[in-house]
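S.K.: After the structure tokens below, expect a handful of questions from me.
The values are calculated or read from the model by the stated rules, or taken from the named source; none is laboratory data. Here the structure is a predicted model, which means the values were calculated and not measured. Note that we place each Cβ from the backbone using ideal geometry, even for glycine, and neighbour counts take in every protein chain shown. Each accessible area value is taken on the protein alone, full model and side chains, heavy atoms only, with ligands, DNA and RNA left out. Shrake-Rupley method; radii C 1.70, N 1.55, O 1.52, S 1.80 Å.
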Amino acid sequence: MKPPKFDYVRPQTLDEALAALAAAEGEGKIIAGGQSLMPMLNFRLLSPAVLIDINRIAELNFLEEQPDGGLRIGALTRHHTLETSPVVERLFPVLHDAMQFVAHLAIRNRGTIGGSITHADPAAELPMMMVLLDAEIILASPRGRRTVPAEEFFVASLTSAVEEDEIVIEIRLPALPSESGWAFEEVARRSGDFALAAIGVVMKVEDGIVTESRVGVMGVADTPMRVYDAETILFNQACDEQTLDDVVKAVREAVAPATDLHASSDYRRHLVGVLARRAVATAWRRALGEKYDQ
């Protein structure tokens, strides 16, 4: 199919883009990579009056390490940039690893981080990474700027907190604890497909016990989510078999997977438990300084 008719504007600055979006009065859509938007237009799932192409806005394309070890990422940063950045690999290896699972190279070359999180697909890697890494999302509108924590940003399946006159302009990742262990596990039917289930783990270990942990899942609920019950179980514990069993149970009880043509709810719940055991064990070993080749 072909998309419906629409007007097209290509602003050179953020202020111009915001003015165009405001002028559209709710009938405008931002386009950057277009990897999700264009298929939706072609299937006539969306019929915007105007597309606002922000690719010429240079101020939205940056990747900047912060003095404290955090990271600022412009909304126009491409997936491939995150995938290949040595800064991302050094500071946020779990994000670097997750980017290897995002779609295919052609899509990673064009897709943007701002577009991916705004699209808010519950089976996409970047939204879950934002939740796992305690990201802050910066939005701009003619009314000013506001900051939204990642866990409040993803409202429902394919629904984010972005208002009609707002544009995501920046993502901020706070520094991870030093010498953290980490792991990312995903299963899809084919390489590059959306995940049937996936999990990310970040863990700090001191004196043989877990002092900090984060457990995030995707593909098993309407939004990416942190599993706080699993994090509570891990706190002040060593990752022995009993702890791993308890984590798996907590993860399975926390999720609410849907049944679709790809997998049943029961299968996804079972799968995310298997991945949880694997990811927590891997993060534990890495936090202890052991080399772990997947």
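S.K.: Which of ARG56, ARG172, ARG277 ends up with the largest GNM mean-square fluctuation for the chain, with Cα atoms connected below 10 Å?
M.R.: So, out of ARG56, ARG172, ARG277, the one fluctuating most is ARG56.
S.K.: So, one more: From the square roots a ≥ b ≥ c of the eigenvalues of the alpha-carbon gyration tensor of the stretch 44-104, which class results: rounded (a/c under 1.5), prolate (a/b over b/c), or oblate? Walk me through the intermediate numbers first.
M.R.: On the way: a/c = 3.17, a/b = 1.64, b/c = 1.93.
Verdict is oblate for the stretch 44-104.
S.K.: Let me ask something else about it. Using the alpha carbon gyration tensor of the stretch 110-212, what are the three equivalent-ellipsoid semi-axes (square root of 5 times each eigenvalue), largest first, in whole Å? Mind showing how you got there, number by number?
M.R.: Details: eigenvalues 145, 79, 20 Å².
Taking √(5λ) for each eigenvalue gives 27, 20, 10 Å, largest first.
S.K.: If you don't mind, there's one more thing I want to ask. Work out how far the C-alpha atoms of the stretch 1-45 reach from end to end along every principal axis, then list the three figures in whole Å, largest first.
M.R.: 33, 21, 13
S.K.: Also, quick follow-up: In terms of Cα to Cα distance under 20 Å, which aspartates and glutamates are near enough to LYS29, apart from those fewer than 8 places away along the same chain?
M.R.: ASP7, ASP15, GLU16, ASP53, GLU59, ASP121, GLU163, GLU164, ASP165, GLU166, GLU170
S.K.: Then there is this: Compute the relative contact order of the chain as a whole-number percentage, counting only Cα pairs closer than 8 Å that sit 6 or more residues apart in sequence. Show your work: numbers first, answer last.
M.R.: Numbers: 646 pairs, mean separation 43.6, N = 294.
After rounding, I find 15 percent.
S.K.: Of MET1, MET128, MET225, which has the most accessible area and how do the rest follow, probe 1.4 Å? Write down the numbers at each step before the final one.
M.R.: On the way: MET1 155, MET128 0, MET225 40 Å².
From most accessible down to least: MET1, MET225, MET128.
S.K.: Could you sort SER36, SER47 by their accessible area in this structure, using a 1.4 Å probe and putting the largest first? Mind showing how you got there, number by number?
M.R.: Details: SER36 50, SER47 80 Å².
Reading off the accessible areas and sorting them downward yields SER47, SER36.
S.K.: Using the Kirkwood formula over every pair of different C-alpha atoms, what hydrodynamic radius in Å results for the stretch 1-104? Don't jump to the answer; show the numbers that get you there.
M.R.: Values: mean 1/r = 0.0643 Å⁻¹.
Over the stretch 1-104, the inverse of the mean reciprocal pair distance is 15.6 Å.
S.K.: Out of residues 5 or more away from LEU176 or on other chains, whose amide H comes under 5 Å of its own, with H placed 1.01 Å from N in the peptide plane?
M.R.: Amide H neighbours of LEU176, under 5 Å, 5+ apart: none.
S.K.: Same structure, new question: Which whole-Hz couplings ³J(HN,Hα) result when phi for each residue of the stretch 105-114 is put into the Karplus expression 6.51 cos²θ - 1.76 cosθ + 1.60, θ = phi - 60°, listed in order with x for Gly and Pro?
M.R.: Residue by residue, the stretch 105-114 yields 4, 4, 6, 5, 5, 10, x, 10, 5, x Hz.
S.K.: Please compute the length gained on full extension between ASP15 and ARG143, using 0.36 nm multiplied by the number of residues separating them and subtracting their Cα-Cα distance. Don't jump to the answer; show the numbers that get you there.
M.R.: Values: separation 128, 0.36 × 128 = 46.08 nm, distance 1.14 nm.
Fully extending the segment from ASP15 to ARG143 adds 44.9 nm.
S.K.: Still on this structure, please answer the following. Counting each DSSP H run of 4 or more residues in the chain as -39500 (n - 2.57), what helix-only mean residue ellipticity at 222 nm follows after dividing by all residues, to the nearest 500 deg cm²/dmol? It would help to have the intermediate numbers written out before the result.
M.R.: Numbers: 12 runs with 104 residues, N = 294.
Computed ellipticity for the chain at 222 nm equals -10000 deg cm²/dmol.
S.K.: Could you report the accessible area of SER191 in Å², rounded to 10, computed with a 1.4 Å probe on the protein chains as they sit in the structure?
M.R.: Near enough 110 Å² of accessible area.
S.K.: Pop out the ³J(HN,Hα) list for the stretch 8-19 in order, Karplus 6.51 cos²θ - 1.76 cosθ + 1.60 with θ = phi - 60°, rounded to Hz; leave Gly and Pro as x.
M.R.: 9, 10, 10, x, 9, 9, 5, 4, 5, 5, 5, 5
S.K.: Could you order LYS204, LYS249, LYS2, LYS29 so the one with the most accessible surface comes first? Probe is 1.4 Å. Present the calculation step by step, with values, prior to reporting the outcome.
M.R.: Details: LYS204 25, LYS249 125, LYS2 155, LYS29 85 Å².
My answer, sorted largest first, is LYS2, LYS249, LYS29, LYS204.
S.K.: Using all C-alpha to C-alpha distances in the stretch 76-146, build P(r) with 5 Å bins and read off the rounded percent in each one.
M.R.: Bin by bin from 0 Å, the calculated values are 3, 16, 26, 28, 14, 8, 4, 1.
S.K.: Once phi is turned into θ = phi - 60°, what whole-Hz ³J(HN,Hα) does the Karplus curve with 6.51, -1.76 and 1.60 give for every residue of the stretch 93-100, x standing for Gly and Pro?
M.R.: Couplings: x, 5, 5, 4, 5, 4, 5, 5 Hz.
S.K.: Tell me, what % of the accessible area of the chain is carbon and sulfur with a 1.4 angstrom probe?
M.R.: Values: 6720 of 13800 Å².
About 49 percent, which is the carbon plus sulfur part of the accessible surface.
S.K.: Okay, next question. Separation between the TYR8 and GLN242 pseudo-spin-labels, each 7 Å from Cα along Cα→Cβ, expressed in nm?
M.R.: Result for the modelled spin labels: 6.4 nm.
S.K.: At 0.890 mPa s and 25 °C, plugging the Kirkwood radius over alpha-carbon pairs of the stretch 231-294 into Stokes-Einstein gives what diffusion coefficient in µm²/s?
M.R.: On the way: Rh = 12.8 Å.
Calculated translational D: 192 µm²/s.
S.K.: Let me ask something additional. In terms of modelled amide H atoms, which long-range or inter-chain residues lie less than 5 Å from the amide H of HIS262?
M.R.: The answer is none.
S.K.: Can you tell me the alpha carbon radius of gyration of the stretch 133-173 divided by the globular rule-of-thumb value 2.2 N^0.38 Å? It would help to have the intermediate numbers written out before the result.
M.R.: Numbers: Rg = 9.9 Å, N = 41, 2.2 N^0.38 = 9.0 Å.
Dividing the Cα radius of gyration by 2.2 N^0.38 Å gives 1.10.
S.K.: Compute log10 of I(q)/I(0) for the chain with the Debye formula, placing one identical point scatterer on every Cα and leaving out solvent, at q = 0.15 Å⁻¹, to two decimals.
M.R.: -1.14
S.K.: How big is D, in µm² s⁻¹, for the stretch 106-168 by Stokes-Einstein at 4 °C and 1.567 mPa s if Rh is the Kirkwood radius over C-alpha pairs? The partial results should precede the final answer.
M.R.: Details: Rh = 12.0 Å.
Rounded to a whole number, D works out at 108 µm²/s.
S.K.: Label points 7 Å out from Cα along the Cβ direction at ALA188 and ALA106: separation in nm?
M.R.: My value for the distance between the label points is 1.4 nm.
S.K.: Now for a different question. Can you give me the convex hull volume of the Cα atoms of the stretch 172-294, divided per residue and expressed in Å³?
M.R.: 111 Å³
S.K.: Taking the inverse of the average 1/r across all pairs of different Cα atoms in the stretch 39-184, what Kirkwood radius in Å do you get?
M.R.: On the way: mean 1/r = 0.0632 Å⁻¹.
Hydrodynamic radius (Kirkwood, Cα pairs) of the stretch 39-184 is 15.8 Å.
S.K.: How much accessible surface does ASP68 have with a 1.4 Å probe, in Å² rounded to 10?
M.R.: Result for ASP68: roughly 110 Å² accessible.
S.K.: Follow-up. Using only Cα atoms, what is the ratio of the radius of gyration of the stretch 198-264 to 2.2 N^0.38 Å?
M.R.: On the way: Rg = 13.2 Å, N = 67, 2.2 N^0.38 = 10.9 Å.
Taking the Cα Rg and dividing by 2.2 N^0.38 Å, one obtains 1.21.
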